[in-house]
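Accompanying notes for the structure given below.
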Number of protein chains: 2
Amino acid sequence: MKPSIPKGTRDFLPEEVVKRKYMFSVIESVFKKFGYQPIETPAMENLQTLAGKYGEEGDRLLFKVLNNGDFLKKADADALAKMDSSKLVSSIAKRGLRYDLTVPFARFVVMHRNALQLPFKRFQIQPVWRADRPQKGRYQEFYQCDVDVVGSKSLIYEAECVQIYDEVFDKLKLPVIIRINHRKILEGIAEVCGIADAVSAMTISVDKWDKVGRSGVASEMEKRGISAENAESVLTLIEEDDFLALAKALRSSDTGTQGIHDIEEVIKYVSGSGTKNEFRFDATLARGLDYYTGCIFEVESPDYASGSIGGGGRYDDLTGIFGMPDIPGVGVSFGAARIFDALEQLNLFPENLQFSPRILILPMDSESMEFAFGSLSKIRQAGIAADMYPEPVKLQKQFKYANALGVPFVAVIGENERVHEVFALKNMDSGKQDTVNIDQLIEVLQMAK
Amino acid sequence: MKPSIPKGTRDFLPEEVVKRKYMFSVIESVFKKFGYQPIETPAMENLQTLAGKYGEEGDRLLFKVLNNGDFLKKADADALAKMDSSKLVSSIAKRGLRYDLTVPFARFVVMHRNALQLPFKRFQIQPVWRADRPQKGRYQEFYQCDVDVVGSKSLIYEAECVQIYDEVFDKLKLPVIIRINHRKILEGIAEVCGIADAVSAMTISVDKWDKVGRSGVASEMEKRGISAENAESVLTLIEEDDFLALAKALRSSDTGTQGIHDIEEVIKYVSGSGTKNEFRFDATLARGLDYYTGCIFEVESPDYASGSIGGGGRYDDLTGIFGMPDIPGVGVSFGAARIFDALEQLNLFPENLQFSPRILILPMDSESMEFAFGSLSKIRQAGIAADMYPEPVKLQKQFKYANALGVPFVAVIGENERVHEVFALKNMDSGKQDTVNIDQLIEVLQMAK
C-alpha cells in the first residue's frame, strides 16, 4: 500500500513548522501586548452550530463527521429512499469541522458569558477546514489567526486593530498598506445618490474594485439594476480623494455622517502615536456582504501582489444567532497562509531560526561511544541543543549527516581524544579545527550562540 | 437556539490555554535540546491509512468524515439495501480524523523518505480524536505529545528517552518514577519457563500487574491456559529484585540474554550523568500488546495516583505497513491531559504565567480618552502589555473590571491628571498610590516585571 494524504491537506517538515511558529509567535506577542487573551475551541462543533452560518456555499463546504456506531439506524428513511444526500446528512452526521474561528467564538461567548468580563478581548490561532476545490495556495485545512473584542462600541478598539496590524507587519518586516472604510459611509453614499434601497447591490459591486476596476464596478452596478447615472454619482463619491469633501457631500445623510465621524475619531486615536506602515481611508473598500456594520479594514503588501493578507471590521450583533443579542464587537484576521508565502517569497524569515542542534559529536570507534554520550549529556545539561551520530560508522558518512543537519560544529572522538578526554572540534563554516576539553567546548558553543 | 459543543470536547479559557502552553513549551524545549525536530501532519488522513491499524476497537472509535457533495451516488448499494452501516462507511467516507500520532508519523516517514536524513529525530504535539465514551478525564479530542527517532538501532536513543523524561519532569517539578523493561526479557522468561508459545498470553496478563497485583496476574495466566506451575515460575522471575540473578536465570535463552544486555547498556549510558528522578528496571512492566520489540518505558508520579503519565518503547518495523520495511525506531509519549491534571492538582504551575495586561488605564471623563489612549500606546511601545477601560464610565465599574482582569496596576486619569499629563498610579496589591508622569510610569512597570 502506497500511502498518501487527502487532497488539499499538507504535511509540514521541520523547517516549515519552525518558520510558521516564528510567524505565529510574532503575531501572538503583539496580541498579548494589546491585552488580548488566548482561547481554544474544539475542532468538532455541532453541525447545528455551524449550519446556515456561512451561506449556501458554506454549508456545502462544511466537512461533516459521520455519527459513530450503527448510524443508519437513525437515518432519515425518506431521504434514503429518495437517495437525497443533502437531506440525509443531518440524520447521520451531528458534528462538523470548524469552518472559521468567528462562529465558534460567538458560541463560546454565549456559553461562557458568566465566566467572561466584558469587554472581552480574545485571540485564537487554530486550523479550520473547508471542502474547497484544492488549488495553488488554497487548502482544505489551514490556520486562521483572529483577534476580537466583544462587549464595547468604543472606537479605541478600531484604533487598536490598526495598531496591531501596523506592529505585527513591522515586526515581520513586511511593508503593508492598511486601509479603512465604514459601512455607514457606503450606506450614506447610497442614500445621497438616491439608491438607499440598493445598498447591498452597490456594496457587492464596489467589493470587486480591486479585481475589475472602475468601469467594471460601473457595469456590475448596472447589471444589478442601478442606473448608469446613479452608478456614476456613486463612483465619483467613492473616488473622492478629499475626505472633507466627502464628508460635506454626505452631510444630508445621518448614517453617512456617523460613519465620517467614526473614521475621524479612529484616525485621531491612531495619529496620536503614528504608524510605521501606510494607513489610509479608502471608500472603495467594501469587504463583501459580511456581517460588518461599522469600520472595515483590509491589509495588503505592495511587495506581494496576491491580494489581501488580512481584514476585519466591526459587527453589531455576532452572538444574536445564539440567543444573546446586542453584543457589539470588532476584530481583524491575519491570512496566515498568504503571509507565510509572502515572507518566504521575500526572504523575510530570520536566518537564525534554529531547528538543528548546535553540535554533532562523531564517535570513531565503539570504545568511544560511552565517552561521546557522556560528553553529549554534559553539553545538553549546559542548555545547548546537541546530538551525536549513534554509531561508530565511517567518518565520511557521519560528516554527511552533520552537513545535512546543518550543524555549525562537529566534535570528533577517536582513541586519542577518548584517552585524553578531549575533542577534535571543527567549525563547519570556517573549517577551523581545534583540540579542546569539555569546558572549552561548552564555552565555544555558548559564545557562538 | 441554545448553543453547545459535542460531548467529549472542550473549550479552553485563557487561563487553561496559558497553562497548557507552558507545559508544552517545557516539553518542547527539552525535545529541541536533544536534537528532535518538529513536524505536523493534517488532522484528516485517508481512512485507508488509518483503518486496521488500531485493532477492531480502534476502527470503531475512528471518526470518519463524510464525503462532500452527493455522497450517496457512490454509496455501496448492497450495504444500503442491507442497512449495514459498517459496510457502507468506506463508500461514503474516504477520510478520517487522526487517531494517534504514530501511524501518521509512519506514513510521513514513508512519503518524505527522500527529504529525511536517517536517523530522523522528530517530535509532534497535536490533537487526536477518538469516539470513546466521554467520562471524567477522557475526551474525544485531546493532545498527544510524541518524540521518536527512526532509522537506527543504537541504544543511546533509549538512554535519551530516559533522560528526556527525567529532564521534562524535573523542569515541571513533578517527581516521577521512570521504569524500563525489555520485550526480549519477557520472551526469555516465557522461554525458560517453558511457555515460549504463550508469550502473548503471558504479556497480556503481566500488563495487568498494576491493576490486579500478583495473584490477579496468576489467575489471568491460568485463564489463558498457562498452568499454575508455569505461571508461578514466571511470577518468581518477574519479581526477581536482583538483576544479576535474573540475568543468570535467563542465560539459557539467547533472546532473554539479548534483552539483559540491552538493558545493561542503557543503564550504563544513563548512569554516566545520572537522573534526578528515580529510574529503575522492572520486569513486571509489559505495555500491552503494542508493536514494541525492544526496550519499553513507563512513567508515573508517586504524587499523583492516576496511573501512567507517559510510555513508549522500541519497535522494529513501524513503516512496514506502508511498504517500507526494516526501519527501526524508538520513542516515548507524554500523556498531556494527565500531566496537566497532575500539575493542576499539585499546584505546580508557575504563579507568574501572565495572561493579563500589567496595567489598566482608567479614564474618568470623555475628554481624557485621547490622552489615555496616547499614553496606552506609549506603554505598549515600551514592550509592556497594557490596556485601558474603553469608556469613561463610573470609576467603580472600571475598578471592578481591573480586579477581574487581575492587573497589578491601574492608572486613573481625570481632569487634573490630563491637564498636567500625569497619572494617579495605584499598585493593586499594596494599595499604594503615586502621581507619576509617563516615563516614571513605564519605569515602575518595567521594574515590577
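Values as computed for the structure displayed
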| item | result |
| --- | --- |
| Check on A:Val407, touching a Pro at 6+ places or on another chain (Cβ under 8 Å) and under 23 Å from A:Asp439 (Cα atoms) | yes |
| Checking B:Ile226 against (1) within 30 Å of B:Gly52 (Cβ to Cβ); (2) out of contact with any Ser or Thr (no Cβ under 9 Å at 6 or more places or on another chain), the condition it does not meet | (2) |
| Total residues in the stretch B:55-83, condition assigned to a strand (DSSP E or B) and either more than 10 Å from chain A (Cβ to nearest Cβ) or open to solvent by less than 10 Å² (accessible area, probe 1.4 Å) (or both) | 1 |
| Complete set of residues in the stretch A:143-189 that are among the hydrophobic types (A, V, I, L, M, F, W, C) and open to solvent by 10 Å² or more (accessible area, probe 1.4 Å) | A:Leu155, A:Ile177 |
| The stretch B:289-314: number of residues that are of a type in the set (D, E, K, R) and buried (at least 18 other Cβ atoms within 10 Å of the Cβ) | 3 |
| Where A:Val89 falls short, out of the listed (1) closer than 16 Å to B:Leu66 by Cβ; (2) out of contact with any strand residue (DSSP E or B) (no Cβ under 8 Å at 6 or more places or on another chain); (3) hydrophobic (A, V, I, L, M, F, W, C) | (2) |
| Yes/no for A:Asp434 being of a type outside the set (A, V, I, L, M, F, W, C), surrounded by 13 or more Cβ atoms within 10 Å (Cβ to Cβ), away from every other protein chain (no Cβ under 14 Å) and closer than 30 Å to A:Val299 by Cβ | no |
| Test result for B:Thr236, without any contact (Cβ under 8 Å) to a residue 40 or more places away in the chain, of a type in the set (Val, Ile, Thr) and more than 14 Å from chain A (Cβ to nearest Cβ) | yes |
| Residue within the stretch B:42-53 that is at pLDDT below 95, open to solvent by 20 Å² or more (accessible area, probe 1.4 Å) and among the charged types (D, E, K, R) present | yes |
| Single match in B:Ser29, B:Ser90, B:Ser4, B:Ser86 (criterion: at negative phi, more than 10 Å from chain A (Cβ to nearest Cβ) and hydroxyl-bearing (Ser, Thr, Tyr)) | B:Ser90 |
| Residues that are at the interface with chain B (Cβ under 7 Å from one of its Cβ atoms) and assigned to a loop (DSSP other than H, G, I, E, B), drawn from the stretch A:37-54 | A:Ile39, A:Thr41, A:Pro42, A:Ala43 |
| Single condition A:Gly58 does not satisfy, out of (1) at pLDDT below 95; (2) assigned by TED's automatic domain parsing to the domain that holds A:Tyr291 | (2) |
| Matching residues in the stretch B:315-340 - criterion: being outside any loop (DSSP other than H, G, I, E, B), open to solvent by 10 Å² or more (accessible area, probe 1.4 Å) and touching a Leu at 6+ places or on another chain (Cβ under 9 Å) | B:Ser333 |
| Whichever residue in the stretch A:369-420 is assigned to a helix (DSSP H, G or I), open to solvent by 20 Å² or more (accessible area, probe 1.4 Å) and within 19 Å of B:Gln117 (Cα to Cα) and, among such residues, is farthest from the other protein chains (Cβ to nearest Cβ) | A:Leu395 |
| Residue match in the stretch A:357-364 (condition: surrounded by fewer than 22 Cβ atoms within 10 Å (Cβ to Cβ), within 17 Å of A:Phe409 (Cβ to Cβ) and within 11 Å of chain B (Cβ to nearest Cβ)) | yes |
| The stretch A:328-356 - residue that is of a type in the set (Val, Ile, Thr) and away from chain B (no Cβ under 13 Å) and, of those, nearest to A:Val419 (Cα to Cα) | A:Ile339 |
| Among residues of the stretch B:255-271, those that are over 17 Å from B:Gly194 (Cβ atoms) and open to solvent by less than 40 Å² (accessible area, probe 1.4 Å), counted | 7 |
| Some residue of the stretch A:111-127 being assigned to a strand (DSSP E or B), more than 10 Å from chain B (Cβ to nearest Cβ) and open to solvent by less than 10 Å² (accessible area, probe 1.4 Å) | no |
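This table checks each residue for (1) open to solvent by 10 Å² or more (accessible area, probe 1.4 Å); (2) more than 29 Å from A:Leu318 (Cβ to Cβ); (3) not assigned by TED's automatic domain parsing to the domain that holds A:Ser301.
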position	(1), (2), (3)
A:Glu191	yes, no, no
A:Asp210	yes, no, no
A:Glu239	yes, yes, no
A:Ser253	no, no, no
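The values are calculated or read from the model by the stated rules, or taken from the named source; none is laboratory data. This structure is a prediction, so every number in the text was calculated from the model and none was measured. FYI the Cβ positions are ideal-geometry reconstructions off the backbone, even for glycines, and counts take in every protein chain you see. The protein model used for the area step is the full one, side chains on, heavy atoms only, and it has no ligands, DNA or RNA in it. Shrake-Rupley method; radii C 1.70, N 1.55, O 1.52, S 1.80 Å.
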